[in-house]
Structure formats: C-alpha cells, structure tokens
1. Would you mind stating whether VAL511 is at pLDDT 95 or above, open to solvent by 10 Å² or more (accessible area, probe 1.4 Å), touching a strand residue (DSSP E or B) at 6+ places or on another chain (Cβ under 7 Å) and β-branched (Val, Ile, Thr)?
2. Can you tell me which residues in the range 517-526 are open to solvent by less than 10 Å² (accessible area, probe 1.4 Å) and part of a strand (DSSP E or B)?
3. Somewhere in the range 489-507, is a residue of a type in the set (Asp, Glu), assigned to a helix (DSSP H, G or I), open to solvent by less than 60 Å² (accessible area, probe 1.4 Å) and in contact (Cβ under 8 Å) with a residue 24 or more places away in the chain?
4. Would you check if HIS527 is within 19 Å of THR361 (Cα to Cα), in contact (Cβ under 8 Å) with a residue 60 or more places away in the chain and not assigned by the TED database to the domain that holds THR139?
5. Starting from residues that are open to solvent by less than 10 Å² (accessible area, probe 1.4 Å) and among the β-branched types (Val, Ile, Thr), keep the ones in the range 216-251 and report whichever is modelled with the lowest pLDDT.
6. For the range 527-548: of the residues being assigned to a strand (DSSP E or B) and hydrophobic (A, V, I, L, M, F, W, C), which is farthest from VAL342 (Cα to Cα)?
7. How many of the residues in the range 285-331 are among the charged types (D, E, K, R), open to solvent by less than 20 Å² (accessible area, probe 1.4 Å) and in a loop (DSSP other than H, G, I, E, B)?
8. Only one of these conditions is not met by ARG444: (1) within 26 Å of PRO100 (Cβ to Cβ); (2) among the charged types (D, E, K, R); (3) modelled with pLDDT of 80 or more. Which number is it?
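The values are calculated or read from the model by the stated rules, or taken from the named source; none is laboratory data. In this text the structure is predicted, and so the values were computed from the model without any measurement. Note: ideal-geometry Cβ built from the backbone for every residue, glycine included; neighbour counts use all protein chains shown. Ligands, DNA and RNA are stripped out before the accessible areas are found, and what is left, the full protein with its side chains, is counted by its heavy atoms. Shrake-Rupley method; radii C 1.70, N 1.55, O 1.52, S 1.80 Å.
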Amino acid sequence: MDIPYKSSPTRRRRRSPAVALTTPAAAGTAGCSPPKHRSVDMDPPATADPAAGSPSSSSLRRRAALSVNTSAAGASGRGMERESKEGAGEGGREVEGAEPVSPAGRLFREAHFNCYIVALLGLAAPVDVAAARAGLQATLVRHPRFCSVQVSDDAKKNAKPRWVRTTVNLDDHVIIPDLDPAATSADPDRALEDYVSSLSTRPMDHSRPLWDLHVIDFPTSEAAAAVAIRMHHSLGDGVSLISLLTACTRSAADPTRLPALRPPPPPRRSGAAAPPLSAGTLALAAWAWSLVALAWNTLVDVALFVATSWFLRDSPTPFLGSPGVEFRRKRFLNCTLDLDDVKLVKNAMKCTVNDVLVGVTSAALSRYYFRKTGETSNDKSKPQKNIRMRSALLVNIRKTPGLHTLAQMMDPSKDNTVKWGNQIGYIVLPFRIAMHDDPLEYIRQGKKTADRKKRSLEAVFTYWSGNLVVKLLGIKAAAALCYGMFTNTTMSFSSLPGPTEKVQFYGHPIVYIATSVYGHPHALTVHFQSYMNIMKLVLAVDDEQFPDSHQLLDDFAESLRLVRQAASATS
C-alpha cells in the first residue's frame, strides 16, 4: 500500500518562478556557467507505472515550472537523447569543457535501460536540512557529473551527447515530501519502504543534473530518519557512485578524516605470470595450461554471452520477468544480516565473502522456488537438471579511484585528472536451483561457479566489444544486444563493500546503507551492501510479480542461518 500524500501549504518554502537553469547569483547554486539555450526533456511516461499514479503538485516541496518537450519522440519514450542544442554553441562549435558521454552512459539513457541507482541511508538523528544542504554544496554539487547536464547538437548528423556544466539550484534537488502522519506513525517501516519504492515511478527532469536527495524525516525501527539519494546510472557505474557518496562522509570518531574501508581485494588475475626458466618443466607446463584454460573459458563464455543476447533464454520460473518489466514499479525492501555470520562461513569453507553470498542467494532462491512450485524432495532431481537460471553481473574493469582522489574531484581548486564514467563489463553468472540436505553444498557450488568465472576474460570482452558495436553500428544496436542479454536472463546480482567504521553524512551518523537499482528489464535484483559489522540485503522486485516479496526476503535470512549453523558444526 502506498503512502497517502498530504498537502501542507503552511510548510511550503517560498520560491521564485523556477526555470530550467538559474543564474549563478541564485541562492544555493554552484558557480558553473549555464548553457545559453535549453530544450527540456523529462523521463518518458513509459517509465512510470500507470496504476501507481503520481503525487499531486502539492505533495512535494520542490516543484518547478518547466517547458516540457512534448514532441512525439519525447512522449513515446523514444526521444531520450534529444536533449538540447546548446552544447554545440554557435555554428556547431564545441563548448569549451564539454565531455563526451561514454557508450555505457549513453546506453543507460535508452528507453529500455533508463536506469537509476537508489541509495537509502538510515540516520541516527533527525535530518538537519540546512546542514545537509551546506554539505551538498561543498562536496557533491562540485563534482563534474553532479553539476552537468547531457546535451547534443541536433544540427549534426549522428551527434554524440556531451556533459556540459550548468548551475545547480539545490531547491530543485533536495526534496522534502509531505507525508500523511497517520501512515508514518501506524507502520513507519512500511511507510519508508512505500515512499522509496514510489521513486521508481517518478520521472526525473533531464534539463537538470541527474540526481536528487529525498529527506524522509520520521523514525523507523532501525533509524531516527533517512535520506534517499537517487542518481541516474549514466553519471557513473555503481562502484564509482557509491564510492563517491562514501567520499562525502566522514569518520564519526574523527570528523576531519575520510572513513576507513576494507582493504581492496587482490588484483584480478585471470592468468598467472610466467614462471622463471629455473622453475622447471612442470611449472612451465602448468603455466602454459593455465593460459590454454583461460583462452578456452573465455571462448566458451563469450559464445554463451552472444547466444544469450540472441536466443538462449532462462527456464520459466517465478523469478523470470515478463515483457515490459523495466517500465513497472519496483519495490525496494531490505533486511540486516550479521557480517560476522558471513565471515564465519567464509573461514570455515576457506572461500571469499562473495562466494558465501552467491551460495546463500542460491539457497534462498531454491527455498522460494520449491515452496511456490510445490516440488518436494522426492522429485528434486528433475529441477536440478532442467532449470537454467542466470544473473547479469556488472563488473568494474578499471581501478576505482580512492576516497582521497574522489574527495579531490569535489574540490574545484584542485587539478582533477581522474577518468570518470561507466567502465563496466558484464558476466552471465549461473545460479543453481536445487534441494540439498547439507546447506554447505550451496556454498561449495557457489565457490565453484565464482572460481570458474574468475578464470575468464568475459567481462573485459563484453566491455570492449560493446564499445566496438557502438562505434560501428550505433547505440541502438548495442542497446538491442544488451536488452536481449537482460531479458533472456533471470535477475541481476551485485555486492559492494562499505566503510568498516561508523561514518557521518554531513554531521548525521549513518546507521545503515541500502543501495539498489531500477530501470533494467529484470523482475528481481539482489544486492548486498556491507557497512561496519552488518550486511544489508536489498531486493528490488516487480511489485506485481512478487506480492509475497517479504517472504523471499525471509528466505535469505533463514538460508544464512542454516548455512552458519552447519558451518559452526563443522568447525
């Protein structure tokens, strides 16, 4: 059930008539020179759920009078890249300082991949809006992507969109909804969940920098308040954006320093370095065999990836999305897991945290599947053989900038040379649906699957081949291939490490971090986000397809409990 919105005229902030771009002298703005002309574009209506409706004009404190592009292309959702012409300047000349949008960034503006990242931060204190605005002004607003808009030159044939800096008016980005007090007091956890889920049906104005921050200032069972930060995926890949948000925080123990993070994993090594000649014949032969295995695994994975993009579809299961799922409302729900439980299993099984998460996910999905289908242990051999269920896993293929580097990117006095944007490849990761008497068998199978994918260059191939397709055939062809890969797989899966100590977000201690994504053609997205000694599991589900989504969430918690119990017994 959605939260009823309530108009509160007495709480509304005064504001002057809003325009697409404000002047540099406006209050709460960042000093970037705005372009001269603007053709305003909004998210296409197809991205919103017609059944869910949209909030009234009085439901949110920030509203702006916009000159909306009502052309047929814009109204149908097919004019996503028809932004504006000001990026070319007079006579089609390039604007000084304009940066081209990366191929992956352009892909995330296509109708079927109009993707957004949502980061929900639970806070230990009520929100001080003035302090939050001041913090945003000093940090995030100064980042090149967060004070830029995407523009293109319609006068040029096959013109590529570019990032052009503009003036940021925080009144357009900091949103304080007027929610019904009866709903927020009766069931605050559900009220928070409903509001964050409603973001998946709300369009974003593309004439402004593509992010907003929602202040949800009422207590829940876990936090005194929360803020939800929504960012368009074209701003950057998930690893970079979450790292950037972390760079906006400070250690609660020492507010003058950046938070401490877990040591980065060792560099991904798909093939071992050549041993010295003195190592002997067997060592050289083993090295040569590892290269052969790497080449073979890559060839097989690439062939399966191409087949998946064209025709190789997953088996019908309760998790597989139906056509048009990318346009429907998503529900975001989360639960808190104990990171120490995950580490206990990791140590007992001599594997990695990600191996444990893959195994627990397989166990939880299996529990849900067999309950929904009514299968029993007597016929478990059939689904084990016939069910093909895979996830699309995004892989960051370049080194992520450190927190100090990201903090420097938000300091205009520094000379920033860090390369930013979406540099991601895809991996098709299979998940096994089975009934095991030993819960640890899920972890063994998860480790086996993850180890196999580590000995492949699939992610590197998909990244470079995607760029090549864009250059040779255009963004539409690349979008069609990616759309085939997503619709023929079942779900999305990811995990990100967070700070290892308590941190503050502009003076507000953070209790938890829960991140997810929507706008891609999957009915289920599973994301794990660590923070201190907890692991947040976040599910983004199709609201229509998963009416019992909380039961699925409970299946994850129960699966980890059983796995931990079995691991404790063995150790």
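1. Numbers: at pLDDT 95 or above: yes; open to solvent by 10 Å² or more (accessible area, probe 1.4 Å): yes; touching a strand residue (DSSP E or B) at 6+ places or on another chain (Cβ under 7 Å): yes; β-branched (Val, Ile, Thr): yes.
Here the answer is yes, as VAL511 does meet what is asked.
2. LEU524, THR525, VAL526
3. Just the residues of the range 489-507 that are of a type in the set (Asp, Glu), to begin with: 501.
Within this subset, residues satisfying the condition of being assigned to a helix (DSSP H, G or I) are none.
Within the range 489-507 (the criterion being of a type in the set (Asp, Glu), assigned to a helix (DSSP H, G or I), open to solvent by less than 60 Å² (accessible area, probe 1.4 Å) and in contact (Cβ under 8 Å) with a residue 24 or more places away in the chain), the answer is no, since none of the residues qualifies.
4. Working: within 19 Å of THR361 (Cα to Cα): yes; in contact (Cβ under 8 Å) with a residue 60 or more places away in the chain: no; not assigned by the TED database to the domain that holds THR139: yes.
In short, no.
5. Going through the qualifying residues, I end up with THR249.
6. At the first step, the residues of the range 527-548 found to be assigned to a strand (DSSP E or B) are 527-531, 534-542.
Filter once more, keeping what is hydrophobic (A, V, I, L, M, F, W, C): 528, 534-535, 537-541.
Numbers: PHE528: 12, ILE534: 10, MET535: 9, LEU537: 12, VAL538: 16, LEU539: 18, ALA540: 22, VAL541: 24 Å.
Going through the qualifying residues, I end up with VAL541.
7. Keep residues of the range 285-331 that are among the charged types (D, E, K, R), which gives 301, 313-314, 326, 328-331.
Keeping just the survivors that are open to solvent by less than 20 Å² (accessible area, probe 1.4 Å) gives 301, 314, 326, 329-331.
Adding the requirement that they be in a loop (DSSP other than H, G, I, E, B) leaves 314, 329.
Number satisfying all stated conditions: 2.
8. Result: ARG444 fails condition (1) only.
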